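What follows is a short report on a single structure.
The values are calculated or read from the model by the stated rules, or taken from the named source; none is laboratory data. Only a predicted model underlies this, so the values are computations on that prediction, with no experimental measurement involved. Cβ placement follows ideal geometry from the backbone for every residue including glycine, while neighbour counts extend to all protein chains displayed. Protein only, heavy atoms only, side chains kept; ligands, DNA and RNA dropped before computing areas. Shrake-Rupley method; radii C 1.70, N 1.55, O 1.52, S 1.80 Å.
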Amino acid sequence: MDGRALSHEVSEHCRFSAINLHQKNIPVNVIAASLGVTRQAVYRWIRNEKVHGKCSLKSTKSPGRDFYLTEKQIKKLLSFIKRPASDLGYSTDLWSGPRIRHLIKYKFQIEYHPKHMPRLLKNLGLELKFPERRALEQDPKALREWKNKRFPDILKMAKKKRALLFYADEAIISLIPYIGKTWALPTKKPVAKVSGKRGENIGITAAVNQQGKMCFELTKEKERFTSKVFVRFLRKLKREFQDRYIIIIIDGAPTHTAGYVKRFEAISKGWLKIEILPAYSPELNPTEKCWRFLKTKKLNGSMAVNKDELRDKAKRHIEEIKKDKKRMASFFEHL
């Protein structure tokens with residue numbers, strides 16, 4: 001076994017295990033075979049423990065070598081990384097470790113070993129993050145108009161009418177759940193037992209607002225999202241907030257812009273206004289973050305075996321989210 005392939009923690013555990021086994025009079029060749037190391041390594045550990053004590057067996061972190069890059073070059077590199085990678089000729093906007101390594105070599109004629117890149121990037125203050133999706137079809141002009149004109153006008157209307165401003169959206173929750181990472185022993189492959197039934201899912205419509213209010217409704221058995229289902233949800237929203245004018249911000253899906261919905265909005269103009277988001281702009285809707293949290297955190301690795309069980313779990317978790325005002329507020333960060 002190559003000790004260089006082991007983490008500091010595992011290597012340290014091997015050394016202490018070897019000393020403990022030696023103190024129990026286990027032969028050195030047996031210790032070496034059980035730990036997958038050489039006899040010379042075991043003898044060296046025993047000698048170090050006798051001369052320097054058990055502290056000598058603990059792992060020490062290498063301080064690493066200084067940056068090859070100068071301070072001026074580091075500032076220049078960071079200015080590059082702040083821009084999309086495609087601006088510098090790469091095929092996508094994302095900055096991977098190998099891509100930054102190539103950039104350093106190309107721009108500064110300095111070459112880092114691939115194994116040193118993670119430490120370099122951390123020392124530069126960078127973090128590994130999941131990017132937020134942005135649709136290529138998004139219209140920048142419509143987005144600017146929304147942010148600079150339409151949305152400020154909506155806020156003024158809400159203030160004038162003392163209205164509740166909600167963001168609404170629908171989601172499909174599959175019986176086959178999202179499975180995230182889990183802690184496990186290095187030698188053991190984790191297994192998540194979940195349903196494998198495809199095409200089994202439930203639908204949820206929800207509306208959230210910045211003051212921590214929420215209204216949600218699950219679709220009925222074999223029911224699809226339609227304009228009538230959306231209007232039924234709007235009626236439920238009105239029942240829950242009877243004395244308030246309501247402004248709903250939602251995407252431009254056909255079920256939200258159908259004639260049936262427009263006629264309902266017209267006869268409900270005394271209490272309802274529907275505003276449509278720019279196309280391909282889910283990042284403007286905080287409800288999307290609610291769905292992501294529900295699917296990847298609350299229902300992560302869900303062991304529901306049928307739709308009834310999934311409905312119960314989803315409803316319970318949404319109720320939990322609804323009561324968590326701090327979590328609700330987090331959906332509106334960076335809006």
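The distance between label points at Lys298 and Lys72 comes to 5.5 nm (points 7 Å beyond Cα on the Cα→Cβ vector). Each helix, a run of at least 4 DSSP H residues, gives -39500 (n - 2.57); summed and divided by the residues of the chain, these come to -12500 deg cm²/dmol at 222 nm. The modelled label-to-label distance between Ser11 and Met117, using points 7 Å beyond Cα along the C-beta direction, is 2.2 nm.
Exceedance of the 21 Å cut-off in Cα-Cα distance is limited, within the set Lys295/Lys325; Lys213/Lys326; Lys161/Lys315; Lys122/Lys295; Lys193/Lys295; Lys147/Lys326, to Lys161/Lys315; Lys122/Lys295; Lys147/Lys326. Placing a label point 7 Å from the Cα of Lys325 along the Cα-to-Cβ direction, the residues of the range 184-214 whose backbone N falls under 19 Å of that point are 208-214. Qualifying GluC sites (Glu not before Pro) in the range 81-156, where qualification requires a DSSP coil assignment and no more than 11 other C-beta atoms within 10 Å, comprise Glu111, Glu127, Glu132, Glu137.
Over 32 Å apart at the Cα level, from the set Lys181/Lys236; Lys54/Lys181; Lys156/Lys322; Lys156/Lys238, are Lys181/Lys236; Lys54/Lys181. Only Cα pairs under 8 Å and 6+ residues apart enter the sum, and on that basis the relative contact order of the range 158-286 stands at 28 percent. In the Gaussian network model of the chain, springs joining C-alpha atoms below 10 Å, which of Leu165, Leu69, Leu143 carries the largest mean-square fluctuation? The residue that fluctuates most here is Leu69. Students often get this wrong: which residues of the range 241-276 have the backbone nitrogen under 18 Å from the point 7 angstrom along Cα-to-C-beta of Leu155? Counting only backbone N, you get 247-250, 275-276.
The residues of the chain present an accessible area of 67 Å² per residue when probed at 1.4 Å with all protein chains retained.
What percentage of the solvent-accessible surface of the chain, computed with a 1.4 Å probe over protein heavy atoms, is contributed by carbon and sulfur atoms? Carbon and sulfur together cover 53 percent of it. Mean sequence separation of contacting Cα pairs (under 8 Å, at least six apart), scaled by the length of the chain, corresponds to a relative contact order of 15 percent.
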